[in-house]
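One structure is given below, encoded as C-alpha cells.
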Amino acid sequence: MNRLTLTLLTLLSVSSMMAGDNNPDSVYIRPSYREGTMSMQLDYSIDKKHWTHVSYTIFNSDYGPWGSQKKLHFVALRYDGKKYYTEFIPSLNDPQVAISESENLYLWKPQDYPVLSAADFEAKKAELAAASKNNVLCIPYRDLVALLQRAKLAGLNAQDEKDNVIGSDHVSKLAKDFTTTIDVNFADSKAISPNLYGIFFEDISYAADGGLYAELIQNRDFEYTANDHKGWNAQTAWQLKGNGTEWKINTADPIHSNNAHYSELVTTTPGAQLINEGFDGIPLKAKAKYDLSFFLRGSGKVKVSLVSNGQALASATFSTNNKGWKQQKVVFTPTASADKATLVIEPLNAGMIDIDFVSLFPQETFKGHKNGLRKDLAQLIADLHPRFVRFPGGCATHGQGINNIYHWQASVGPLWERQPDMNIWNYHQTRGLGFYEYFQYCEDIGAEPLPVLAAGVPCQNSWKGGNGQQGGIPFEKELNGKPSPYTYNGKPLTMESYLQELIDLIEWANGDAKTSPLARLRAEAGHPKPFNMKYLGIGNEDLISDVFLERYLFLINGVKKAHPEITIVGTVGPFWEGSDYEYGWKYAKENNIEIVDEHYYNSPGWYFHHQDYYDNYSRTGTKVYLGEWASKGNYITNALVEALYLTNVERNADVVVMSSYAPLLAKEGHTSWNPDLIYFNNTELKPTCNYFVHRAFGQNAGDEYVYSNLQAKYNGYDDIYTPGDLALRVRNSVVTDSKTGDIIIKVVSLVAKENKLTVNLGADFDLAAYNSSAQFTLLSADNPNAKRKWDTNETTSVNIGKTFTVTLPSYSVAVLRIQKKTTKGKK
Ligand code: AHR
C-alpha cells in the first residue's frame, strides 16, 4: 500500500473526529506550551471546563540558532473568524516580536520578526503577557477535526521514521525461494533528465581547506582569528621554537589589505625556528615535486625545510634585502615520504624580516592545475560521474549573519587578494578554492556548474548580526539616505549592490573576454573561453519569511531580467513538509521559478515508506532539485534504502531533474556533520557503502525512462505473508541512454534471500543490436547492519538473451548495462 493510499484511508478511518451532524459547530481551544521552550501545542474543550490535550506541535519558535534560542515567551493566539494569528516574544533580550498566521490551525506561515523600539518592545511584552493568560478561543469544530487528522498523520510518519526496515522484515527469512521477473515494455517510455546525478560540494568538515584544496600549509597567510574558532588567532598552526628570535604579528604594511596580517621575525641570535604543522601534519611523497612559495621582506637569510622526525627531507636558503614584499619560490623534492612532516623557517642571521603567504603545493594536483585540487580525492569524486556540481555550500553560502554571506568575488583573483572569512562550520575559509577553481573542476569532470548564492539573507539559524534571524541585507529604500550598516569590499552593501554581484558572476563566467572587463579577469586567471554557466542557485533552505521573500524575488527577477537564459534554482526550506516547504512551493509556482531545491535528511524508514513521494507531484511547472538528502547513516541498510529510493527518483526524473547526496566530504577528526559520502584523512580515502551506490547510479544514468513490470514471489507466491510488503522491498528501474544507446536495468533488493531474477526484454527486442554480454555491477552484503563496506563490490559480465536470468544475492544493488554495439559491431 503506498503512502498516499494509506493517508487517505487513515483520514477516512478517523471516524471519531469527523465533523458530522452529531458534533458541535464550535469548540474551544487554548495554547499549551511551557514558557521559554520551543514548541506550541493545544488543548481543546467542548464545555470550556474539561480539556483534552492534543499532542501535536502546531508551530515551533524558529528564531535564532538551535540550542540556545528558538524559544517561546508570552504566546498569544487570535482567531478573526477566517484566520488564526499568533504573536510571541522569541527572545527576552532582542527587541523583536514573532508574528505568524494560519488559515487552518495546522499550517502556519513562516515567522517574521519585526524589530521594535525599546519602548514598543516593553509595551508589546506587557500586551502579550496579558493576552497569553486565559487565552481561550472559540473556533469552528471542523478546524479542530482537520488538526486532529494532521496529528494522526504525523503519528504515522513518526512510525515510518522509526521503522528500521531490515529488522521489520520477518518474512523473507522464512521463504525457501525468492524469484523476481522484470518485463520491460520498450513501447512505454518517457524522457527524463540527463542531469539527474550530481554532487553538492560544501566547505564543511574541512572539505576545502585541509581537504580537496591541495594546499599543505595551514594558516598560510596568518589570517586565522577567534571568529573562525574559539581560541584561534593569527599564530594558530604555527609555533616558534628556540631562542634568539622575537615573533610578532604585524598589520602595518601588508601585501594586500584583504590579507592584513603577516609575521615579523626579529632575530638577535640565530637558532630559533618558526614551524607550521600543516593540516594534521604535512603528508609528503618521496621524489614527488612540491612548489614552495612565500613573501619575504627586510634583510637577512632564512632557511626553509620540510622536516620529519628531526630530519630535513628538503631545504633551501633564501636571502633578502628588500624594502618591499618579494615572492620567493623553490621546488622541493623530498628525499623520503612522510605522513606528518612540518615546514620549518629558520632565520640564519641577526636582523628583521617579514614573512607572509607561505604556501606548499604538490605539483601533482588533479589535472596538474596550479593552485589545484588533491588528485586522489578529486578523482574519487569525478568517479561518481556527476553531471553538475552545486557549490560552495549550503549554510556556508548564506553564512553566519549578514557579514558572513559568501561573496563570490572574494574568492577569485590572486590568492593574497582574496578575502578569507570565518566558516559557519567553525573554522576558516581561505577561499584559495574559489569560484575559478570550482568552475575549472566542473569543466575538468564534464559537470555543469551550479553556483548557489544567498538570497540576501543569512542562515536561518545565525547567531551573528542581522537582528537575530533573517535580518536581510537592506534595500536602499529602507535606508532613507543613510549608509548601509553592512559593507562588502569597503563599499556599502545593499540589495541593489548584491543583485549586481549576481549579475556580475554571470558576466565573469560567460562574458566575452575581448569586450567585458569582468570576463577579462577570468581570462587573465587562465580561462579565456567562457565557462558556459547555465544555472544559478538563489537561497539555501531559508525560512520563507517576508524579509526573505522580498529579497529572493528581487534577486530572481533582477537576474532573469539581465540574463533570461540562466535557469534559476530556488529554495523550499529544510524539510520535506511543513511551512517553508509549502510556502516555498507556493511562491515558486506563482513566480514560475524553474527549479526548486528540496532538502531532507530522514531515516531509512522514511525513504522506505515514501517511495511514492514524487509520483504525486505535478508534471507541469516548477521542477525539483533534490539538492540535499541522505538516510542518516553509513550502514548497508542506509545504502540499500538510498538505492531503493533512487529507483523511485529515476521513475520521476521528469520532475526531479537533479539530485545530490549531502554532505559529500568529511575529514576524519574534523567532522561537523555525519553521515557523509566520503571520509578521508591526509593519506587515505574512505568512500562509504553509500558512495558505491551513488557511483553505480551516476555511472549508469539515462535520459529515457522505460516502464517495466516487476513481479516478486516467495515460494512461488506473490506477497504471501504480508501483502504489499515484498513489493516495497524489491524495486527496479529501467532507463536508456541516448548517447550510447545502452539499456540500463537497476534492481535493488532489501530481502534476506538470494533472488533468481529473470529479465524479459520482449519478443520484438533486437538482440543482434547489442553486445551478447551485459556489464554487471553488483553490490551486496550478508549483514545489513555492517558499517561502510560491501562484501561484494565488483563489475563483471553476464550473458544476455531476449529473456535471461541472473542470480542476485541477498541485500543487493545490481546494475545491468546492456551495451549497444557500435557501428563497427564492437564497443
Ligand atoms: O549538508 C549540511 C547542511 O545541511 C547544509 O549546509 C545545509 O544546507 C543543510 O542544513
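General observations
- Estimated inter-spin distance, Leu240 and His53, nm [label 7 Å along Cα→Cβ]: 6.2
- Among the trypsin sites (Lys or Arg not before Pro) within the stretch 572-673, those in coil by DSSP and having at most 12 neighbouring Cβ atoms inside 10 Å are Arg619.
- Per residue solvent-accessible surface (Å²) - the chain, probe of 1.4 Å: 40
- Distance between the modelled labels on Lys482 and Thr37, one decimal in nanometres: 4.0 nm (7 Å Cα→Cβ projection).
- For the pair Val136 and Ser299, label points projected 7 Å from Cα toward Cβ lie 9.1 nm apart.
- Gyration tensor verdict on the stretch 673-827 (Cα atoms; rounded if a/c is under 1.5, prolate if a/b is larger than b/c, oblate otherwise): oblate
- With every protein chain in place, the chain: carbon and sulfur % of accessible area (1.4 Å): 50
- Net lengthening on full extension, Asn799/Asp339 (0.36 nm per residue, minus Cα-Cα): 161.0 nm
- From the alpha carbon centroid of the stretch 723-776 to that of the stretch 207-271 is 57 Å.
- Rounded to the nearest 10 Å², the accessible area of Arg551 at probe 1.4 Å: 10
- Violating pairs (Cα-Cα greater than 27 angstrom) within the set Lys71/Lys589; Lys756/Lys820; Lys534/Lys586; Lys632/Lys686; Lys109/Lys534; Lys289/Lys323: Lys71/Lys589; Lys109/Lys534; Lys289/Lys323
- In Å², nearest 10: area of Asp376 left accessible to a 1.4 Å probe: 60
- Computed over the chain, relative contact order equals 13 percent, with contacts defined as Cα pairs under 8 Å that lie 6+ residues apart.
- On the beta carbon distance between Gln500 and Ile249, with R0 = 51 Å, the FRET formula returns roughly 0.90.
- Whole-Å distance, taken between Cα centres, linking the stretch 125-195 and the stretch 476-524: 44
- Against the criterion of solvent-accessible heavy-atom surface with a 1.4 angstrom probe, His599, His73, His256 sort, most first, into His256, His73, His599.
The values are calculated or read from the model by the stated rules, or taken from the named source; none is laboratory data. This structure is a prediction, so every number in the text was calculated from the model and none was measured. Quick reminder, even Gly has a Cβ in these numbers, built from the backbone with ideal geometry, and neighbours come from all protein chains shown. Keep in mind that these areas ignore ligands, DNA and RNA; they rest on the heavy atoms of the full protein, side chains included. Shrake-Rupley method; radii C 1.70, N 1.55, O 1.52, S 1.80 Å.
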